[in-house]
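Trainee: Below is one structure. I have some questions about it.
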Amino acid sequence: MPSQTLDTFPNPKPERDYLIRFETPEFTCLCPKTGQPDFATVRVEYVPDRLCVELKSWKLYLWSYRNQGTFHEAVINRILDDLVASVHPRRARVEGDFNVRGGIHTTVVAEYQSP
C-alpha cells in the first residue's frame, strides 16, 4: 500500500562523503487543473550523514502521489523536503523530468545543502 512514511537505516560509512543515486522512471501524479495523470522520471542523489533512506519505503512513498493533484514544482520540492526531514543529508538533489504535456516538456530540480 502507498505510504507517506520514509524508513531509514544507519549509514554504514558516516565518516565518508559518498553519493547515493537512484531513479524512478514510473512516477505519476495528477494535474491539479484537469485531473489527468502526469508521468515523470524522478532522479535523486544525496550525500548521507547518519541515515540512508530504505528503497522499498521510497517506492511506496512515491506511489502515494499517484492520486494526488499537484503542480510539478510543488511535488518535487515536497519530495526534497520529505527526504531532508527523514535522513538529514549533507546535500541532496531531486529532479523531476516530466513527460510532454500540451507540447511542453518540464524538468524541475530542487537542491538542499546542509548548513
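Trainee: Go through (1) within 22 Å of Arg16 (Cα to Cα); (2) crowded, with 16+ Cβ neighbours inside 10 Å; (3) not charged (D, E, K, R) for Leu55 and report which single condition fails.
Mentor: (2)
Trainee: Restricting the search to the range 77-98, which residues are crowded, with 17+ Cβ neighbours inside 10 Å and at positive phi?
Mentor: The answer is none; no residue qualifies.
Trainee: Taking Gly35 and the conditions (1) modelled with pLDDT under 95; (2) on the phi < 0 side of the Ramachandran plot; (3) not charged (D, E, K, R), which numbered condition does it fall short on, given that it satisfies the others?
Mentor: The single condition Gly35 does not satisfy is (2).
Trainee: Any idea which of (1) of a type in the set (Ser, Thr, Tyr); (2) within 21 Å of Tyr112 (Cβ to Cβ); (3) free of Cβ contacts under 8 Å to residues at least 60 places away in the same chain is the one Thr28 doesn't satisfy?
Mentor: (2)
Trainee: Take Pro115 and tell me if it is under 15 Å from Leu6 (Cα atoms) and either over 12 Å from the mean Cα position of the chain (by Cα) or in contact (Cβ under 8 Å) with a residue 40 or more places away in the chain (or both).
Mentor: No, not satisfied.
Trainee: Of all residues in the range 61-115 being of a type in the set (Val, Ile, Thr) and part of a strand (DSSP E or B), which is nearest to Phe39 (Cα to Cα)? Spell out how you get there, then give the answer.
Mentor: In the first step, residues of the range 61-115 are kept if they are of a type in the set (Val, Ile, Thr); the result is 70, 75-76, 79, 84, 87, 94, 100, 104, 106-109.
Remaining after also requiring part of a strand (DSSP E or B): 94, 100, 104, 106-109.
Numbers: Val94: 16, Val100: 9, Ile104: 13, Thr106: 11, Thr107: 12, Val108: 13, Val109: 16 Å.
My answer is Val100.
Trainee: Given the conditions (1) among the small types (Gly, Ala, Ser); (2) assigned to a loop (DSSP other than H, G, I, E, B); (3) closer than 17 Å to Thr5 by Cβ, and given that Gly35 satisfies all but one, which numbered condition is not satisfied?
Mentor: Failing condition for Gly35: (3).
The values are calculated or read from the model by the stated rules, or taken from the named source; none is laboratory data. Small disclaimer: the values here were computed from a predicted structure and weren't measured. Glycine also receives a Cβ, built like all others from the backbone with ideal geometry; neighbour counts cover every protein chain displayed.
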